[in-house]
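This report concerns only the one structure given below.
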Amino acid sequence: MTETIPREVEASGIRDYLALQENKTLLRFLTCGSVDDGKSTLIGRLLYDTKLIFEDQLATLEKDSKKHGTTGEDIDLALLVDGLEAEREQGITIDVAYRFFATPKRKFIVADTPGHEQYTRNMATGASTADVAVVLVDARQGILPQTRRHSIIASLLGIRHVVLAVNKIDLVDFDEAVFAGIVADYEAFAKDLGFATVQPIPMSARYGDNVTRPSANTPWYTGQSLISYLETLDVESDLREKPFRFPVQYVNRPNLNFRGFAGTVASGEIAVGDAVVVAKSGKPSRVKRIATYDGDRERAGEGEAVTLVLEDEIEVSRGNMLVAPDARPHVADQLAANVVWFDEHPLMPGRMYILRTETDEVSATVSHLKHRVNIHNFAHEAAKCLDLNEVGVCNFSLQAPVAFDTFAENRTTGSFVLIDRLTNATVGAGMILHPLRRAANIHWQALDVTKVSRAEQKHQKPAVLWFTGLSGSGKSTIANLLEKKLHVSGRHTYILDGDNVRHGLNRDLGFTEEDRVENIRRVSEVAKLMADAGLIVLVSFISPFRAERRMARDMMPDGEFVEVFVDTPFEECAKRDPKGLYARALKGEIKNFTGVDSPYEEPERADIHLRTVGREPEELVDELEAWLREKGYC
Amino acid sequence: MPATLSHLQRLEAEAIHIMREVAATFSKPVMLYSIGKDSSVLLHLAMKAFHPGKPPFPFLHVDTTWKFREMIAFRDRMARELGFDLLVHINEDGVREGIGPFSHGSNVHTHVMKTVALRQALDKHGFDAAFGGARRDEEKSRAKERIFSFRTKAHGWDPKNQRPEMWKTYNTRVAQGESIRVFPLSNWTELDIWQYILQEDIPIVPLYFAKKRPVVERDGMTIMVDDDRMQLLPGEKVEERMVRFRTLGCYPLTGAIESSADTLEAIVAEMLTARTSERQGRAIDKDEAGSMEKKKREGYF
Ligand SMILES: Nc1nc2c(ncn2[C@@H]2O[C@H](COP(=O)(O)OP(=O)(O)OP(=O)(O)O)[C@@H](O)[C@H]2O)c(=O)[nH]1
Ligand SMILES: [Mg+2]
């Protein structure tokens with residue numbers, strides 16, 4: 001069953017032996033399921049039974065088991081896999097471990113993932129590259145919420161095969177009825193998840209029953225052991241038969257005579273002389289050479305990292321794709337996708353993220369959160385945000401079109417990650433459902449009177465002066481005074497004031513984080529239209545979140561957005577309290593009040609920083625006006 | 001062309017893909033070149049990834065001044081023959097203080113001459129991405145590390161808070177001063193490495209092949225007497241024995257194994273029947289359980 005390591009491999013026969021190894025197929029799987037169901041123990045068992053543990057590692061394991069073991073006098077096989085200090089101390093898995101083993105029939109890469117809900121993102125990491133999910137269930141506990149969550153994520157990530165490992169069967173006296181009950185429960189709920197196969201196996205990871213060999217303790221189970229099942233499962237991918245996709249990673253231009261496009265073939269095949277088009281521009285060409293270090297090639301297919309040279313000098317850069325002319329990908333700036341959320345800060349409609357496909361990167365706003373999936377009953381629920389570890393469907397609006405397929409058609413060109421613009425954290429993963437046609441139908445009206453001509457007529461440079469600061473910090477007072485001055489000197493201006501806008505355009509919004517984000521999004525759009533009309537717009541909004549101010553800035557052309565930080569400390573604002581709001585908020589009568597129970601994130605690099613304490617508004621406005629004149633705004 | 005790729009072809013393509021991602025998205029990448037077999041494979045893959053160009057980044061060797069002499073000779077020969085841009089960094093403070101494995105022990109020596117030296121070199125040049133040849137099968141904390149492994153401004157690794165890594169879609173964004181360690185060989189095993197060296201005929205340091213060498217038994221390890229900085233202790237004597245090395249590092253800290261394997265085929269055959277892991281011959285990994293993780297948190301590769 002297990003790899004018999006040749007005792008005396010003759011050096012002369014080694015090449016033959018290695019050729020045999022090379023011809024084995026590779027299977028990637030992960031173990032998942034709820035905390036303590038025995039995932040790490042199972043991997044430890046597999047490594048142990050396939051004789052992959054060296055003597056020195058075994059000695060270390062024995063020592064470790066005495067210190068950290070959860071299995072009394074026995075060695076604790078989970079400690080072979082739980083490699084981080086914190087994991088060993090707490091007896092849980094925190095992050096995914098990748099381990100490698102081989103049997104005479106196949107090579108395996110296994111990802112042991114954490115069951116703990118807090119670390120669901122690490123389970124998703126392990127699942128994204130796996131062909132098979134081994135879902136463990138503790139026979140004493142049955143299906144738990146994490147069993148469901150992991151199954152849903154596995155399904156969303158395109159895993160087609162599941163092994164339902166009913167583990168710790170030793171602790172229920174190898175009872176067939178317990179096994180049958182859990183299998184029935186699982187099958188009932190997994191039927192909607194679209195798995196091609198679900199293979200139940202009763203198991204004891206700790207004692208090895210049905211892991212690498214059939215167990216005498218479960219005579220009622222006549223199926224295969226886990227290993228022999230995984231050795232024979234057919235997971236051949238059909239990516240090579242799909243249309244040609246070549247995401248360009250890197251333009252290789254070492255000298256004037258060579259210009260090649262380096263990348264990995266995502267699907268299909270290509271041969272010298274084949275026609276291709278550039279996905280985003282539709283420009284056609286033909287493949288002139290397929291260059292590699294080992295010499296030019298006639299053909300290349302899915303999975304190969306090559307460099308393509310084209311017949312024509314056409315514009316192609318990183319993020320674009322070379323594709324089959326008769327089966328092109330979507331090119332769109334609006335799309336719908338399944339999203340798994342990884343971050344403590346929730347995903348929010350209106351907020352802008354970086355959307356990263358395999359080689360392309362673009363700013364993207366969640367234009368609509370269609371629904372969240374309830375992991376207990378799969379119901380689609382209305383939601384205002386996606387919290388950590390939640391799953392839902394969102395529409396995205398991108399700042400520039402990207403080329404993609406749907407995830408169902410192609411896992412490589414149909415997926416993306418979301419990155420936070422401030423922290424650079426990877427905050428979510430997306431699996432594309434379909435493009436949204438809005439962009440194609442609502443064409444931009446080309447207008448003859450342009451922004452430039454409108455501004456020139458007014459003899460001014462349009463701008464959005466964005467005043468941010470706590471309630472009562474003096475934003476409106478300063479904005480008012482400034483507008484008066486600008487008006488007198490013949491400038492065309494308009495003030496958008498937080499309180500006023502909330503009486504009309506934004507009367508449907510409250511003060512939760514989601515509503516604040518939407519509030520700012522709408523105001524930014526209005527300010528943008530007004531700047532387009534040639535006006536100098538003064539926006540006076542608390543706008544407490546950096547991400548939204550950044551979003552507003554990114555919507556305007558460079559140099560048009562001026563962030564003015566009206567800096568008045570909390571204590572001072574609370575003392576001035578012109579509207580009596582602080583007194584009420586501090587008593588708890590107003591919820592989500594900025595500075596009291598809702599945060600204010602100070603600007604890190606405001607264009608102008610006005611410290612108000614001890615200064616008169618008139619002075620501050622003079623200062624502001626001088627700055628604007630110097631920069632050519634007035 | 002085969003209908004499906006072999007295991008080594010997939011591993012090769014994956015590593016090349018990773019290297020191109022780095023070259024395309026970072027402003028100042030570097031490849032750590034430690035002269036061992038994994039580095040030799042990494043170098044070979046880099047030559048492939050950017051063909052017909054040269055790798056668009058320099059190669060950095062952090063020289064502890066205690067490497068085997070044959071390693072240094074090999075390094076200089078490879079740089080000459082392949083024409084890559086080689087940077088060598090030595091922690092001059094450590095040299096001035098006379099830090100060495102015999103006088104200060106493996107911990108202090110490794111920390112000052114390797115970990116600190118590496119941080120110095122990365123800071124000096126402002127590298128924002130650094131390739132390393134580490135593999136997940138080497139050690140249990142390495143098995144936990146991402147291919148693109150984020151480092152703070154202080155070069156620290158936070159194993160409890162790694163970025164999710166989905167598919168082959170890598171998050172290559174860092175803020176000023178932060179960096180990423182990149183491990184293109186993450187999914188290779190020791191066997192894959194040797195098999196690839198054999199298949200591609202990649203040059204490696206002769207110390208990997210068995211030969212009669214002058215060695216001394218000390219602390220349960222067989223240490224090669226590589227220069228006269230190694231003083232014999234009472235009762236020790238130098239013997240000429242057929243030995244070779246499974247991994248290479250500082251000579252006083254790297255144990256040799258008794259072997260007659262003097263061809264690549266014989267090395268692979270020996271490896272297949274080995275009863276101990278390759279890291280067993282390294283003094284620095286044995287100090288305490290979790291010692292590798294601790295070093296990595298401090299910025300070690
Ligand atoms: N009796 C018995 N105990 C088991 C079996 N499998 C695992 N255990 C025990 O269950 C406990 C938890 O096992 P782990 O392997 O750490 O569980 P896990 O699923 O990896 O946990 P997380 O990774 O933290 O989610 C350990 O004490 C194991 O020894 C089994 O088949 N039978
Ligand atoms: Mg575990």
Fill in the blank from the handout: Using alpha carbon centers only, the range A:316-367 is separated from the range B:136-211 by a whole-angstrom value of 28
Fill in the blank from the handout: One computes Rg over Rh for chain A from alpha-carbon atoms, with the Kirkwood Rh, and obtains 1.06
Completion exercise
dims of chain B, Cα set, principal axes, largest to smallest, nearest Å -> 57, 49, 38
Exercise for the section: Grab the eigenvalues of the alpha-carbon gyration tensor for the range A:133-214, scale each by 5, take roots, and send me the semi-axes largest first in whole angstrom. Expected result: 22, 13, 11
Completion exercise
Taking the reciprocal of mean 1/r across every pair of different Cα atoms in the range A:504-622, the Kirkwood radius in Å is 15.9
Fill in the blank from the handout: For A:C634, the accessible surface traced by a 1.4 Å probe with all protein chains present amounts, in square angstrom to the nearest 10, to 40
Fill in the blank from the handout: Net charge (Lys, Arg +1; Asp, Glu -1) of residues whose beta-carbon lies under 12 Å from that of A:H609, A:H609 excluded, is -4
Problem - Partner lysines for B:K296 [C-alpha distance under 19 Å; skip if fewer than 8 residues away on the same chain] - result: B:K114, B:K140, B:K144, B:K153, B:K160, B:K286
Practice task
Could you please tell me the mean projected area of the C-alpha convex hull for the range A:260-380, averaged over all directions and given in square nanometres to one decimal?
Solution key: 10.2
Handout entry: Distance between modelled label sites at B:D93 and A:L256, nm, 7 Å Cα→Cβ extension
Key = 4.9
Handout entry: Normalised alpha carbon radius of gyration of the range A:417-527 [divisor 2.2 N^0.38 Å]
Key = 1.45
Exercise for the section: From other protein chains only, count the Cβ atoms within 10 Å of every residue's Cβ in B:260-273, then give the mean. Expected result: 4
Problem - Residue-level accessible surface for B:R297, protein heavy atoms, 1.4 Å, Å² - result: 90
Practice task
Just report the Cα centroid separation between the range A:188-227 and the range A:109-135, whole Å.
Solution key: 19
Problem - Interface area, A with B, accessible, probe 1.4 Å, both sides summed, Å² nearest 100 - result: 6900
Practice task
Check cross-link reach from A:K484 to the lysines: straight Cα distance under 16 Å, and skip same-chain residues fewer than eight apart.
Solution key: A:K475
Handout entry: Portion, in percent, of the accessible area of the range A:307-395 that falls on carbon or sulfur, probe 1.4 Å
Key = 45
Practice task
Considering only DSSP beta bridges where both residues belong to the range A:1-149, give the percentage that are antiparallel (nearest 5).
Solution key: 35
Fill in the blank from the handout: Between A:G428 and residues 5 or more places away or on another chain, the pairs with built amide H atoms under 5 Å apart involve A:F342, A:L418
Practice task
Mind grabbing the base-10 log of I(q)/I(0) for the range B:84-124 at q = 0.18, 0.23, 0.30 Å⁻¹? Debye formula, identical points on the C-alpha positions, no solvent, two decimal places.
Solution key: -0.49, -0.72, -1.01
Fill in the blank from the handout: Working note, the range A:457-497: Cα radius of gyration (Å, one decimal) and Dmax (Å, whole number) are 11.4, 36
Practice task
For chain A, find the longest principal axis of its Cα atoms and tell me its angle to the long axis of helix A:145-156, 0 to 90°, nearest 10.
Solution key: 80
Practice task
Would you calculate the separation in nanometres between label points at B:T273 and A:E623, each defined as 7 Å from the Cα along the Cα-to-beta-carbon direction?
Solution key: 8.2
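From the helices alone, meaning DSSP H stretches of at least four residues, give me the mean residue ellipticity at 222 nm for chain A, per-run term -39500 (n - 2.57), in deg cm²/dmol to the nearest 500.
-8000 deg cm²/dmol
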Fill in the blank from the handout: Taking max minus min of the Cα coordinates of the range A:562-610 on each principal axis, largest first, gives extents in Å of 35, 19, 15
Handout entry: Radius of gyration and maximum dimension Dmax of the range A:180-269, Cα, Å
Key = 23.0, 72
Completion exercise
Taking every other residue with Cβ under 14 Å from the Cβ of A:V402 and scoring Lys and Arg +1, Asp and Glu -1, one gets 0
Fill in the blank from the handout: Packing-ranked peptide list from A:107-116, A:379-388, highest mean Cβ count within 10 angstrom first, is A:107-116, A:379-388
Practice task
Quick one: work out Rg over Rh on the C-alpha atoms of the range A:37-155, Rh as Kirkwood radius.
Solution key: 0.96
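Could you look at the range A:4-134 and say what percent of its accessible area is carbon and sulfur, using a 1.4 Å probe and all protein chains?
Result for the range A:4-134: 48 percent of the exposed heavy-atom area is carbon or sulfur.
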Problem - Per residue value of the accessible surface for the range A:102-213 (all protein chains in place, 1.4 Å probe), Å² - result: 31
Completion exercise
When every protein chain stays in place and a 1.4 Å probe is rolled, A:E514, B:E217 sorted by accessible area with the largest first are B:E217, A:E514
Exercise for the section: Grab the beta carbon distance between A:D294 and A:T197, set R0 = 60 Å, and tell me the FRET efficiency rounded to 0.05. Expected result: 0.95
Handout entry: the range A:483-543 and the range B:220-259: distance between their alpha carbon centers, rounded to Å
Key = 76
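The values are calculated or read from the model by the stated rules, or taken from the named source; none is laboratory data. None of the values given here were measured: they were computed from a predicted structure. Positions of Cβ are backbone-derived with ideal geometry, glycine not excepted, and every protein chain shown enters the neighbour counts. With ligands, DNA and RNA removed, areas are computed over all heavy atoms of the protein, side chains included. Shrake-Rupley method; radii C 1.70, N 1.55, O 1.52, S 1.80 Å.
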